Amino acid sequence: MHPKTNFFNQIRPIRQTQLSHKRLKSRMYRRALTATLAMVLLSACATTPPDPSLLANAQEAITRASQSGGDVHAPLEIRLATRRLTMAQEQMDQGNILGARHLADQAQIEAELAFARTRAALARADLETRREAFETLQANLVELYGEEVLSEEGSP
């Protein structure tokens, strides 16, 4: 028998044992990973209590919009937001957290839209008041100093 052949014959069982240990470790890691993944998935499916701020954020947005004048300047948006908040509460009572969250988000968006429209309406009213004050001041200047006060040539 050749010396090299004898050497390889002696090493082969050792190498096969090493490979079987690697396979065993690999199987153990896969099983541990599978068990961990299963536990994570099962815990994700468990029912969790609803977040108390789920409806509170929408309610705060509705209150802020109403207090800023939304009932006058954006009544439709305030009504829609209030209706959606009521529906969200009903969904929450029935245990449909996802539906409640979706409706509460919609209610909050409607309330924020009402707040923005109210601010825009108030800004337009303020602009109109300032424009009227400017025109009154301009008319008083013309009355006191004549039309020349309005020309750009006479200014320094």
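The values are calculated or read from the model by the stated rules, or taken from the named source; none is laboratory data. Remember, predicted model here, so these are calculated numbers, not experimental data. Cβ atoms come from the backbone with ideal geometry, glycine included; neighbour counts cover every protein chain shown.
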Every pair of residues 6+ apart whose Cβ atoms lie under 8 Å, when the first sits in the stretch 57-86 and is within 18 Å of residue 119 (Cα to Cα) while the second is not in a helix (DSSP H, G or I): 65/74
From 96, 140, residue being in the same structural domain as residue 66 (by TED's automatic domain parsing), modelled with pLDDT under 95 and farther than 19 Å from residue 59 by Cβ: 140
